[in-house]
Every structure is written in C-alpha cells, then in structure tokens.
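The values are calculated or read from the model by the stated rules, or taken from the named source; none is laboratory data. Because the structure is a prediction, the values reported are computed rather than measured. For neighbour counting, all protein chains shown are included, and Cβ atoms are generated from backbone atoms with ideal geometry for every residue, glycine included. All accessible areas refer to the heavy atoms of the entire protein, side chains included, with ligands and DNA or RNA removed. Shrake-Rupley method; radii C 1.70, N 1.55, O 1.52, S 1.80 Å.
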Amino acid sequence: MEQHHPSPSLLPSLLLLLLLSLFFCVVLTETDPNDVKVLNQFRKGLKNPEALPWPEHGGDPCGNPPWKFIFCNGNRVSQIQAKNLSLIGPLPRNFNQLTMLENLGLQYNHFNGPLPSFKGLSKLKFAFLNFNDFDSIPEDFFEGLESLEVLALDYNTNLNATTGGWQFPPSLQGSLMLRNLSCMSCNLVGSVPGFLGKLVSLSALQLSGNNLSGEVPATFTGLPGLQVLWLNNQQGGGLTGTVDWVASMVSLTSLWLHGNGFKGTIPMKIGDLVYLRDLDLNGNQLLGLVPDALGKMQLDRLDLNNNHFMGPVPKFVADKVSFEYNNFCESKPGVPCSFEVTMLLEFLGGLGYPLNLVDSWTGDDPCHGSWLGIKCDANGKVVMIALSNFNLSGTLSPSIANLGSLVEIRLGGNNISGGVPRNWTTLGDLALLDLSGNNISPPIPSFAKSLKLVIDGNPLLLHGSDMKNLPSGDGSSSRKAEPSSSRDSPSSTSESNPGSGDSVESNYSKGKNLVPIVAPIAGVAAAASLLIPLYVYCFRRRKGVSERASSLVIHPTDPSDSDNMLKVVVANTSNGSISTGIWSNGSRESHVIEAGNLVISVQVLRNVTKNFARENELGRGGFGVVYKGELEDGTKIAVKRMESGVISSKALDEFQSEIAVLSKVRHRHLVSLLGYSVEGSERILVYEYMPQGALSMHLFHWKSFQLEPLSWKRRLNIALDVARGMEYLHSLAHQSFIHRDLKPSNILLGDDFRAKVSDFGLVKLAPDGKQSVVTRLAGTFGYLAPEYAVTGKITTKADVFSFGVVLMELLTGLMALDEDRPEESQYLASWFWHIKSDELKLKAAIDPSLDKKEETFGSISIIAELAGHCTAREPNQRPDMSHAVNVLAPLVENWKPIDDDTEEYSGIDYSLPLNQMVKDWQETEGKELSYVDLQDSKSSIPARPTGFAESFTSNDGR
Ligand SMILES: *[C@@H]1O[C@H](CO)[C@@H](O)[C@H](O)[C@H]1NC(C)=O
Ligand SMILES: *[C@@H]1O[C@H](CO)[C@@H](O)[C@H](O)[C@H]1NC(C)=O
Ligand SMILES: *[C@@H]1O[C@H](CO)[C@@H](O)[C@H](O)[C@H]1NC(C)=O
Ligand SMILES: *[C@@H]1O[C@H](CO)[C@@H](O)[C@H](O)[C@H]1NC(C)=O
C-alpha cells in the first residue's frame, strides 16, 4: 500500500489501482492492530476520555461504521478530526506510529504536556494543533514530514517556555510542500530561520506575537508566491533591518509588520505589490518620505502610525488609512511641504535620514520650532545649517543649492562621502562652507573667492587641489587657524561657533541678524492651548475627579487594528497569582505570567521593618506608608504597605497591575520591584532603596533639607538617566508603557545622584484628605500635555511633554506650577516658551544656585531648545525619548559607554532569597539600593515632612 510520488501521467491508472486496493482492504481486513493500539492509548491518556465516544476495549476504528472523528484509508487511520471537543490531556508518545495519517485536526482543545514527535509521518498533509496547551515540542518533530502542506501551531503559548522558547529546527526544510505555516503566539525566539525562504511553496507565513528578533533573512526574496506574511507584534524589540525585501514578494495580499523595530524607508518599488490589500507598518522605526506609489495602491487598509515618516502625506487611494504619530510636514494628504522643507528633506535623504534629525525636523517651517542644526534670520529664512560632529554619513544633495538664503554650512567632523554638488556654487550669500573631517571626494567646484571653504581632513582631497580652491590673499591667513577648532568643538552642532565666526559675523551685520526664530505667535498659541486645559481641569475638579486611573497604561500600539490585542490584568487574590489575558474578538487566551517568585512573605517584611515600626517610616502617600527595611546582612529595601482601611477592588487591580507590569519592565533607570506580599488584607510592594530621595527635594527644597544644590553636571546626568528610562518604557515593542506622571517627585536618586524613574501606577486611591487630592492633581497638572488634558487621549508624547517640563525645572529651579509666582510665570511651560529663545531672558531665568559659567551656557541653551521641542503643542511635533537621549548623551561629560551595555536589566534571579537578590542588584549596580517616596506638592512640604527627614538623615550615616 505504500504510495510513491506518482508522475502526473501515471496518475489516472494509479488512482484506479488505489481504489481497487481500497475496496479489497475494506472488505477483507480489519483495522491495523497497531493503529487501534495508538488510538486506545490516545483515548486512555485523556483526563476526559468520555468526550470521545469510542469503545472501551479494542474495536475496529475503520470498521463500518468507523469510529466517530476517525477516517480511514483501507485498514489504516488517515484522519483524526477532533477539534473543539474540550479534550484535556497529552497525546500518546507513539503517535507517529499512525504512519498513514494524512490529516489531523486537534485544534481548540486543551491538549497539554509534551507534543510527541511527528517524525516519519510522511503522509501527513494537514496538521492543526493550534489553540492547545502543549508545553514542549521535540527537536525531531519535523523530521520526514515530506507531504506536509499546512501546519498550524498557533496559540500554544507555553511551548518550551521552561527553556525560554524554541526555534524551528532545520529539519523543517524537508517539508517542501508546505503552503501554510502558522505559529502565532507559540513562543518562538531568536531569528527568523533562513531556510523558511527556501520553502518555495509557502503562500502563508504567520508568526505574529512571538519573541523573534534580528533581520528578516535575505532568503526571503525567494518567496515570490507568498500571499500572507504576518510578522507583527514581536516582543522585546522585535525584528529589525530594512523592509527592502518586501519589494520581491509580488504576490502579497496581506503584510503585517507592525510592532517591530524595522528601520529605513519604504521601498520605492512597493507599487509592484499589485495584489496587496492590507498593509500594516504601525509602530516601527521606518522613516523618510512615503513613496507616491504607496498612495496609488488599491489597499483596503493601510496603517503607517507611529513611525518617523516625513515630508508630505501622499494622496491615498486606499480605503482605510491612518498615518498619525509621524513627522509629516502637513497632516492633510496631498498637501505638499513648503519649498524650503522640501529641499531640506531631500538633503536629509542624501544623508540617509539620521534618526535624531528626522525626529527634530518636523512640521512645515524649519524656522518655527526647533529644527536641530538649522538657524534662521529674522525674516524666517534659513541662514545656517550647523551639523558638525553629528555622525552623519551619505552624500550631499544638490537640493541645498535652492536655499539661496544660506550663509553658513557647517558639516565638519562627519563621515560624508561623495562630491560637493556643482550647483552649490550658485549660493550667492554663502560665506562659510565647512566640510572638514569628512570623506569628500574631488573635484571641489570653484566657489566664489569670498567663500571660506574648510576642507582639511578629507583623505581623498589632495592637499594641492584643495588649496587651489581656497580663497587666497587677504584675511585668509587670519582665518586659517580656525578650521580644526571648529571641527573639534562639540557644541558647534546647534550653536553658532564663537571660535570661527569672525568673518561671517560681518556678513550678518549687514542686516542679517542671526536670531533663532520662535515666532511669538507660536508662544501665544501654546499658552492658549495650555490655558484651555487649566479651565477644563478646574471644571472637572469641581465635579470631583475621584477616579484617578493608575499612572501606568498598557496601550496597544494601534486601537483600530483588527489584530489588536487588549491586555487585561486579572488578579486571583486567593492564590496570589496574576494572569494577563489577551482578548481578541471576544475569545480569550490567557497565560499566567511568571511572577510567582516575586512573592515575599509578610512575616519576612515584618521582621525587616521591625514590625513596621514608626522609626522606619520613610514617607507617606495616599496609598499608605513606605518603610525602610533592613535585611539581616544590613542591605536595605523600601517597603510600601497599603493601609488596610483604603483597600478597594480598584486599588487591588492597580496593585496587581503594577506587579504584572513591573515584573516585566526592568531597566537601570527605572526603580525596580523586588517583590510583593499578598496575605490576608496585607498588600505590600518591595522596592530597591534610593538613599538620596526624590529629585524634587534636591531641586526645590534643598535649603529646607540643608542639602547642596545640584550642580549643572548632575542635572545633565539626571536628565539623561530619566530620558533613558523613559525611552525604554516607551519602546517596548508591541506594547508601549506610558508613565503619565513623570515629575521630579517621581524621580529618585541614588548615592551617586544617578536617577531612576519611579511610581508606576502604584495603588493610588483617592486619599481621605481632600486637600491631598487637590495638591497632588494640581502638582501633576503642571506637567500635563495639553492634548491629554483636553481630550484625555494619551500617547507616549504626553510623557515627552512632561519630560520637557522637567528639563525646564532643572534649568530654572522653578516648580512646574506655582501660584505664588507672578501671573505670567505661574505656569512654567508656557512662560518658558516665551523666554527660551531670548538669550538674555534665558540667562536671567537660569537657576541662581547654578554656577553660571560661559562654558555651561552652551549646554544650557541646548537643553532649553530640547525642552521647547519636547513641549511642542502638537504631540507629533514632539520628539521621541530616543531623540532626547541622543541630544543629552554628548553633553554628559565622562559618560562612559560601559553605562550603556546593559540597557535592560537581566541580573536578577528571583528564585534566590531576598538578601541574595538585593546583593545581586548591588553588584550589577555597583552601589547601594534605596528608595524614598516623597510627594512634591507644596502642601506636603511646609511643616515638617514627618518621619521622613529623620530617617533620611539617619540613613545617610550608615
Ligand atoms: C467550539 O464549540 C462551541 C460549541 O460547542 C462553539 O460555540 C464555538 O464557537 C466553537 N469554537 C470554535 C473555535 O470552533
Ligand atoms: C523543547 O524542549 C524540549 C524539552 O526541554 C527539548 O528536548 C526540545 O529539543 C526543545 N525543542 C526545540 C525545538 O528546541
Ligand atoms: C492557507 O493560506 C491561505 C492564504 O494564502 C488561506 O486563504 C487559506 O485559508 C489557508 N489554508 C488553511 C488550510 O489554513
Ligand atoms: C541644483 O541641482 C538640482 C539637481 O541637479 C536641481 O534640481 C536644482 O534645481 C539645482 N538648483 C540650482 C539653484 O541650480
């Protein structure tokens, strides 16, 4: 009965033969006894065997009639169709002895335990194992599955979870007939294997919701027949690299790449995908111009949200299009960008769209807002491109020749290659062109003699030939000393470089005052938009805002996405377990996150806090009290204990959600959860301990606490730390965490004044005292992004706004909102917008406790610019936190790359005893752990912050 691959011409006669033999088999023989044995073991192994109405002992599965759910080919079992029968239990080990099995449908049951090997099931064409609870898959599972056409393993969410996930073994390569391979949420890790690109029959590949990383392998260009490709929502950063390979997949109808880290531009040839109907690129790092061809495609759905696309929004033919949270110059499709913006974006394209500029060069006016490295004159014309030492590569674009107002182009100290465009010589006002320290190739076109050309340090330009083009005679010798200093100057990026501007200065004084323009109108608009929320806020307050949501939101990357999954945290208080469920289209798949090892017994916490002794109190909040705890070996922890009187079911939800979230989110600049207790009515969270307390104390109340004011260097360090922590929170692949309550009282400092962000939706009950509701909300209000306050619509850009306000506070030492200040400066964010571009006013606004040296003013004005950028009125004009990191990192002296090597925390093993865990922390951190919670609302400070000051100072002694 062995059937070999028939050649097509023999097919009819072979079929006849087959039919005849079938006939004889059915008549003459009973079911193969070994098949009977396997089926009986299959049934017996189940927890609920009664769900299969098969005879208890023996029988003839292929008899007449055959057993229910069984189909035979002669005396051999060829199909088992038992989907959605609530079957519970494992599959028998010897399952692959059903060697004639062709079609297996076991989906939507509760099969668990290890998947048996399918090795040698050479007839198997269809295998539906999706929506079960199998917990491992053997390495040899795929061996010899040479007939396999469809394999579905989706939603076996715990496959090989104990060993951290699994990968398709190379033996799958042998399944050359494979058409549909789906393994969504089946716990795949590592990179996408290259051999998948050699399965040339593939028409659908669905691997969403796993932990895949790395680039899509180059072999994927060998899949021109692929119709469905879903690689969306990979956890932990996701897939990277460009999406250039899609251009070869000309049969695609559905392409889902959302929730990954794909980079680069949309390929120009996207228009070749004429069958494409559904394209989702939401939540990647894609950038550059959106090709016109994409606009012309006959799509049913197109999602471009949450990338870094620039330039005009094309006019779309597609039905359902969304393109929010990008850097488009105009928000209306089909509206072109202004001429200057178009030219500058072409220039940016030549440089390969560096991400830091992409996020800064937003909107349709390079002179309005804060385009990094662009300076304008009073008439709103671009006069300077100052991008020295920006790590730029790529080539120079001729488009720049169209910006006739340019006076200076500073591009020294980059890695730009190629020639200088010939038509740049038409820039009549150009007085300085600094290309020193790049990799420019000859020939240099002949510029006017009046131009100061700096081209030293370009290895391809021979010394003799560049001299030819240098201006000769008068003054050139006096300028010659400058070039190298202009290249080395780290702050020449966005500030006019005082060292080398001498000759250019005179040029400006002919009526071209170099005033960075921030149109007053913008300030007024910003102020207005900030006043509206104030009104809304007051109005709401009167109505009583009692339901203050948790500060931390898990928001799906795209609410309108059909594949969108809403994460809901469910707490089971009886056994302390937490499960995160995923609801999609009403059906629920859930799994328990591994938070079990974080559980710490209340008794242990009683011991380490001396039974929650008053002397160990660090602070109080609406939720309860924070205690210092000291383990036997002297290590310290911070213990937050909910007051039993204020425990509501909502509070419990928030408590659980904080654990669920914080047990996933770990970063050196986020305060870490070490554990928690749930016993009886006790709800306790345990954190690392931060000895220097909250930033607010050092910034606003240092005098009353008799502290040293923070130096500018420390402030820069703190700003960078916070930016890094927030960047991490925001960029967690398919889900993005929004803090919603970033402010100095939620930024805690360690012994070395390195900062960590804290307070992730800690149980925030409406406290009994009304006053504290008011102050806490008011305190928070100064940091609220306008669109959030008005519409309640929250995105990561609301945190960026708050971060901008924190920067303003670091600069000025003023609190975000202070009713004791004169009316126009009560609200720091709007006042700052008015003064930030006026050098004198800005200088006057700097925190008087800071040493005002000239050398710090350079970085101060960069921070001022960044603060303005972060608080732009339109959320999509605010940069991402990664941009803030890029701006801040070079300003922080002694910033060691070592700091950077472990962005994500990994060093903790929760199976260890608590003191060992804390030790591990300290070793990774290289410093003591600490935590202090202090509200910064003014009303909580004035008298004496009870208990806190004492314990703070006593801590210091240890
Ligand atoms: C499973 O069966 C139940 C009824 O027994 C039905 O309501 C449900 O839709 C089925 N689910 C699937 C995925 O087929
Ligand atoms: C899955 O885990 C099992 C048991 O831990 C291991 O034997 C097997 O090789 C793993 N499967 C794959 C595909 O790595
Ligand atoms: C296989 O994938 C195609 C899409 O190319 C889909 O239409 C079809 O329903 C899938 N078949 C099975 C059996 O899943
Ligand atoms: C410079 O060259 C580019 C491309 O060659 C052209 O589009 C542009 O119009 C030119 N500009 C000027 C001012 O010559």
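Asn160 passes every criterion in (1) away from ligand 3 (no atom under 16 Å from the Cβ); (2) out of contact with any Ser or Thr (no Cβ under 7 Å at 6 or more places or on another chain); (3) of a type in the set (S, T, N, Q) apart from (2). Among the residues making up the range 265-281, a single one is under 22 Å from Leu345 (Cβ atoms) and touching a residue at least 60 places away in the same chain (Cβ under 8 Å): Thr265.
If I filter the range 237-255 for residues that are away from ligand 3 (no atom under 16 Å from the Cβ) and under 27 Å from Leu129 (Cα atoms), do I get at least one hit? Checked against the condition, which is being away from ligand 3 (no atom under 16 Å from the Cβ) and under 27 Å from Leu129 (Cα atoms), the range 237-255 yields at least one hit. Residue check: is Phe126 among the aromatic types (Phe, Trp, Tyr), farther than 15 Å from Gln41 by Cβ, more than 15 Å from ligand 2 (Cβ to nearest atom) and free of Cβ contacts under 8 Å to residues at least 40 places away in the same chain? Answer is yes for this residue. The set of residues in the range 186-198 that are farther than 16 Å from Leu115 by Cβ and either open to solvent by less than 50 Å² (accessible area, probe 1.4 Å) or within 16 Å of ligand 3 (Cβ to nearest atom) (or both) comprises Val189, Gly190, Val192, Pro193, Gly194, Phe195, Leu196, Gly197.
Against the criterion of being open to solvent by less than 30 Å² (accessible area, probe 1.4 Å) and within 30 Å of Ser182 (Cβ to Cβ), Leu348 does not qualify. Do we find a residue being in a helix (DSSP H, G or I), modelled with pLDDT under 80 and open to solvent by less than 50 Å² (accessible area, probe 1.4 Å) anywhere in the range 1-23? Yes, the range 1-23 has at least one match.
In this structure, Gly164 qualifies as out of contact with any helix residue (DSSP H, G or I) (no Cβ under 6 Å at 6 or more places or on another chain) and at pLDDT below 95. I'd like to check something: does the range 723-738 contain any residue that is out of contact with any Ser or Thr (no Cβ under 8 Å at 6 or more places or on another chain), within 13 Å of Val892 (Cβ to Cβ) and either open to solvent by less than 30 Å² (accessible area, probe 1.4 Å) or not small (Gly, Ala, Ser) (or both)? Within the range 723-738 (the criterion being out of contact with any Ser or Thr (no Cβ under 8 Å at 6 or more places or on another chain), within 13 Å of Val892 (Cβ to Cβ) and either open to solvent by less than 30 Å² (accessible area, probe 1.4 Å) or not small (Gly, Ala, Ser) (or both)), the answer is yes, since at least one residue qualifies.
Filtering the range 388-426 to residues that are in contact with a strand residue (DSSP E or B) (Cβ under 8 Å, 6 or more places away or on another chain) and aliphatic (A, V, I, L, M) leaves Leu392, Leu396, Ile400, Leu403, Leu406, Val407, Ile409, Leu411, Ile416, Val420.
Please verify whether the range 199-213 includes one or more residues that are crowded, with 17+ Cβ neighbours inside 10 Å, within 16 Å of ligand 2 (Cβ to nearest atom) and part of a loop (DSSP other than H, G, I, E, B). Scanning the range 199-213 turns up at least one residue that is crowded, with 17+ Cβ neighbours inside 10 Å, within 16 Å of ligand 2 (Cβ to nearest atom) and part of a loop (DSSP other than H, G, I, E, B). On the stretch given as the range 157-179, residues that are open to solvent by 20 Å² or more (accessible area, probe 1.4 Å), away from ligand 2 (no atom under 11 Å from the Cβ) and over 18 Å from Asn112 (Cα atoms) total 5. Hey, can you tell me all the residues within the range 664-678 that are part of a loop (DSSP other than H, G, I, E, B) and at pLDDT below 80? Those that are part of a loop (DSSP other than H, G, I, E, B) and at pLDDT below 80: Lys664, Val665, Arg666, Ser672.
Taking the condition within 21 Å of Pro890 (Cβ to Cβ) and open to solvent by less than 10 Å² (accessible area, probe 1.4 Å), does Ser436 pass? So Ser436 fits the description; yes. The sole residue among Asp272, Asp278 that is surrounded by fewer than 18 Cβ atoms within 10 Å (Cβ to Cβ), closer than 15 Å to Met297 by Cβ and among the acidic types (Asp, Glu) is Asp272. Quick check on Ser182: is it open to solvent by 10 Å² or more (accessible area, probe 1.4 Å), within 16 Å of ligand 1 (Cβ to nearest atom) and either touching a strand residue (DSSP E or B) at 6+ places or on another chain (Cβ under 7 Å) or basic (Lys, Arg) (or both)? Yes: the conditions hold for Ser182. Of the set (1) touching a strand residue (DSSP E or B) at 6+ places or on another chain (Cβ under 7 Å); (2) more than 16 Å from ligand 3 (Cβ to nearest atom); (3) open to solvent by less than 20 Å² (accessible area, probe 1.4 Å), all apply to Val150 but (2). Annotation note: Cβ proximity below 6 Å between a residue of the range 215-244 that is closer than 18 Å to Ala204 by Cβ and open to solvent by 70 Å² or more (accessible area, probe 1.4 Å) and a residue that is more than 16 Å from ligand 3 (Cβ to nearest atom) and not in a loop (DSSP other than H, G, I, E, B) (sequence gap 6+ or interchain) occurs for Thr221/Trp245; Thr221/Ser248. Counting the residues of the range 167-198 that are assigned to a strand (DSSP E or B) and closer than 19 Å to Glu149 by Cβ gives 3.
Taking the range 292-406 and the strands (runs of 3 or more DSSP E) fully enclosed by it, no element has 3 or more residues that are of a type in the set (Asp, Glu), within 16 Å of ligand 4 (Cβ to nearest atom) and in contact (Cβ under 8 Å) with a residue 12 or more places away in the chain. Would you check which residues across the range 818-846 are among the polar types (S, T, N, Q) and either surrounded by fewer than 21 Cβ atoms within 10 Å (Cβ to Cβ) or assigned to a loop (DSSP other than H, G, I, E, B) (or both) and list them? Across the range 818-846, the qualifying residues are Ser825, Gln826, Ser837. Answer yes or no: is there a residue in the range 408-421 that is touching a helix residue (DSSP H, G or I) at 6+ places or on another chain (Cβ under 6 Å), among the small types (Gly, Ala, Ser), within 16 Å of ligand 4 (Cβ to nearest atom) and free of Cβ contacts under 8 Å to residues at least 40 places away in the same chain. No, the range 408-421 contains no residue that is touching a helix residue (DSSP H, G or I) at 6+ places or on another chain (Cβ under 6 Å), among the small types (Gly, Ala, Ser), within 16 Å of ligand 4 (Cβ to nearest atom) and free of Cβ contacts under 8 Å to residues at least 40 places away in the same chain.
Right, Leu207: within 16 Å of ligand 3 (Cβ to nearest atom) and touching a Phe, Trp or Tyr at 6+ places or on another chain (Cβ under 7 Å) or not? Yes: the conditions hold for Leu207. Kindly establish whether Asp140 is touching a Lys or Arg at 6+ places or on another chain (Cβ under 6 Å) and open to solvent by 30 Å² or more (accessible area, probe 1.4 Å). Yes: the conditions hold for Asp140.
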